[in-house]
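First up is the structure itself, then whatever we jot down about it.
Please treat every number below as a calculation from the coordinates, not as lab data. Please read all numbers here as calculations on a predicted model, not as lab measurements. We place every Cβ from the backbone using ideal geometry, glycine too, and count neighbours over all the protein chains shown.
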Ligand SMILES: [Fe+2]
């Protein structure tokens, strides 16, 4: 197997072993349903796709490009309660510092919802000179690499998700999801707990649950499961929210602004 896969005129160049591919041969004005189908298959295979365009992507281009990947959420309901950022269509790290809202912790967006987002998409329009990368962690790799002992323990276990660790959110829903889910496209199993929304493992005592969750959150922090590709102006990153978790790096000074679109999702299932 090579690191470059060619289908029609589209090529997927792996950027890291566990996840992530740079896509060649897709224009910012792409709208072919066959291409969309191929890209969505690749999204579930690679977890995160990067597209490098030769200019800063405009809001109009970003919106039309998003149609390749799904139906946008009208307004992602778990936004941060900050009057200075009323329903911002973009992330501005000056207005909402990453550390204040746990963006710099690996997480899946919105798992306190019954139908959390399926995917999300970012493109920067103002960047610090260096730093402020977004990292992704493969939940296929995190699952595959668990010992069979822990895999057996987590199969068929249900997990409570909520917003206890995120008291600054506008809303506080809760939902129960399996600890392990299966991707509908690839059929692969994924670990489905995250350090922002996962509160407890149902059927365990509080101390058993918290110990096991902290072990799993540390496991997800293993560098061998990660992708880190510095942002550049003109890049779009699209990620499948369940196949990879994501986090920002709060290591920079100066402005960092990215447009974001979040896509509606189905109910995660085992
Ligand atoms: Fe996020």
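What is the fewest-to-most order of 227, 26 by other Cβ atoms lying within 10 Å of their Cβ?
Lowest count first: 26, 227.
Counting helices only, and only those DSSP H runs with n ≥ 4, report the 222 nm mean residue ellipticity of the chain as the sum of -39,500 (n - 2.57) divided by its residues, in deg cm²/dmol to the nearest 500.
After summing the helix terms and dividing by residue count, I get -5500 deg cm²/dmol.
Counting other beta carbons within 10 Å of each Cβ, put 96, 193 in order, fewest first.
Starting with the residue having the fewest Cβ neighbours, the order is 96, 193.
Would you mind ranking 139, 190, 215 so that the residue whose beta carbon has the fewest other beta carbons within 10 Å leads the list?
Least crowded to most crowded, the residues run 215, 190, 139.
Tell me whether the range 115-253 comes out rounded, prolate or oblate; compute the Cα gyration tensor, take square roots of the eigenvalues as a ≥ b ≥ c, and use a/c under 1.5 as the rounded threshold.
Verdict is prolate for the range 115-253.
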